[in-house]
Amino acid sequence: VVLKTRSRSTAEAFLRKMKSNPLDAQWRITVADDDAMDAFKGCQLVHTLTTSREPILLAKHLDLSQDVHISAVGADSPGKRELGSCILKCADIIACDSLVQTIERGEGQFCNQMQRASIVEIGTLLAKSDKIPPYQTDKLRWTIFDSSGIALQDVCIAKALCQLLEQEANSPKY
């Protein structure tokens, strides 16, 4: 796992929090230098979680010779963005939680009309396999999931977690 933050202090705070959780403590995390532009060259899975108004992840930061999936969750209001235009243009699939929201306040606000027409909601993508281009072993694939956040999903996830915790609390301990 490669961690890149705006400052060393936020990286250290994140590491302390990760190490305090037994489920997360197992990860080997490398903190990238502040000016390391090639920190993600070996990564095939990239998550961006920022409040940036300028692209923080550009195509030049990634390894163009391998498949890459990017989950962008920080751009959640008008004007915010995390991904450079070339990443959006080069993506084979751009999925989102809400098409209206991604165009209004997600990465979709920085896509041209043709790109916007190809963005698909994750529910549609999962329900209709014809929306997923066939995987070709001789062609690299870049995919993006842009999450601008849907409150109903958050409530459903919280409810499911509460039910699991309740079941665990009521189950016999051996």
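Mean-square fluctuation check for the chain, GNM, Cα pairs under 10 Å: which of Arg28, Arg105, Arg141 is largest?
Arg28
Would you mind getting the accessible area per residue of the chain, heavy atoms of the protein chains only, 1.4 Å probe, in Å²?
66
Kirkwood Rh and Cα-based Rg: tell me the resulting Rg over Rh for region 66-133, rounded to two decimals.
My calculation puts Rg/Rh at 0.94.
State the dimensionless ratio Rg/Rh of region 56-103 (Rg: radius of gyration of Cα atoms; Rh: Kirkwood radius).
With Rh from the inverse mean 1/r over Cα pairs, Rg/Rh is 0.95.
For the chain, would you read off the P(r) tail past 20 Å as a percentage of all alpha carbon pairs?
Within the chain, distances greater than 20 Å cover 61 percent of Cα pairs.
State the number of lysine pairs found in the chain whose Cα atoms come within less than 21 Å, restricting to pairs 8 or more positions apart or on distinct chains.
Total qualifying Lys-Lys pairs in the chain comes to 15.
Under a 10 Å cutoff between Cα atoms, tell me which one of Asp97, Asp63, Asp146 has the largest fluctuation in the Gaussian network model of the chain.
The residue that fluctuates most here is Asp63.
How much of the accessible area of the chain, in percent, comes from carbon and sulfur atoms when a 1.4 Å probe is used?
About 58 percent, which is the carbon plus sulfur part of the accessible surface.
Please check: in the Gaussian network model of the chain (C-alpha springs, under 10 Å), which one of Cys156, Cys86, Cys96 has the largest mean-square fluctuation.
Cys156
Roughly how many Å² of Glu54 are accessible to a 1.4 Å probe, to the nearest 10?
120
Students sometimes get this wrong: rank Thr30, Thr5, Thr102 by accessible area, probe 1.4 Å, all chains present, largest first.
Thr30, Thr5, Thr102
The values are calculated or read from the model by the stated rules, or taken from the named source; none is laboratory data. This one's a predicted model, so the numbers in the text were calculated from it and none came from an experiment. All accessible areas refer to the heavy atoms of the entire protein, side chains included, with ligands and DNA or RNA removed. Shrake-Rupley method; radii C 1.70, N 1.55, O 1.52, S 1.80 Å.
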